[in-house]
Amino acid sequence: MGYVDTVLLPGETVRFRTGRHWVLYLPGLGCVALAAASLTPAVISYLNDELADSLDGLWSGLALAFLAVGAALLARAWYRRRLTEIAVTDRRVIYKSGLLHRSTSEMPLDRIERIDVDQGVLGQMLDFGDITVNGIVSSIGADRLNRIAAPNRLRSHVIAGEHALRPPPVAVGPAGPPAVALASLPVAAVPAPLEPDREAVALATTAPAAPPPSPEPAAAAPAR
């Protein structure tokens, strides 16, 4: 069980794990290759009696020196790669390195402002790079997260975790309450106003007014 598994909170899950890239072994392997190349002149000088006394010891010493440096570099690379743990959980980023002198860093996902990935040509080909996690208060710099395997995948998981923790934005209307709540209210059907009959209005305005009725003459009284 690694360090990350021992510090997980209840309900916390690991989304992505990574560590140092195997490119750390290249300097040591290069020295071992030089040691092997130095053995060829040493063998040739040993077989030649005339050059044996002068060159045999020189090439053998170079081979042993390269071999010793290569072994030391390989051991250092194994130590750094084996004892470095980097994980992205659903709540934070966890970094741990070292055994006798342990160095750890943790940063909550909702406190991360920016995460930078620095890759050269070789890093893009072999999928490794330096990562800098910039938080609101502190940061985990590239001096610790250097030559990390799959740096772009780590950044993608960090960004996905940030979006999962942040609440969705709520649009607020001009009147104050959320526009989403207003939009969800049922709208009562209001009947459209009746338009007046345009022909009837036109006839009423253009027709002449009828004259008032004339008074009827009074009936004559009957003769006696």
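Extending 7 Å from the Cα toward the beta-carbon at both residue 125 and residue 101 defines two label points whose distance is 3.5 nm. The packing ranking of peptides 85-98, 129-142, highest mean first, is 85-98, 129-142, where packing means the average number of other beta carbon atoms within 10 angstrom of each residue.
Packing, taken as the mean count of other beta carbons within 10 Å per residue, orders the peptides 100-110, 62-72, 149-159 from highest to lowest as 149-159, 62-72, 100-110.
Computed from the Cβ-Cβ distance with R0 of 45 Å, the FRET efficiency linking residue 116 to residue 36 stands at 0.70.
Each of residue 156 and residue 58 was given a label point 7 Å from its Cα along the Cα-to-Cβ line. The distance between the two points is 5.5 nm.
Bear in mind that the values in this text are calculations on the coordinates, not laboratory data. Note that the structure is predicted; figures quoted are calculated from it, not measured. Cβ: placed from backbone, ideal geometry, glycine included. Neighbour counts: every protein chain shown.
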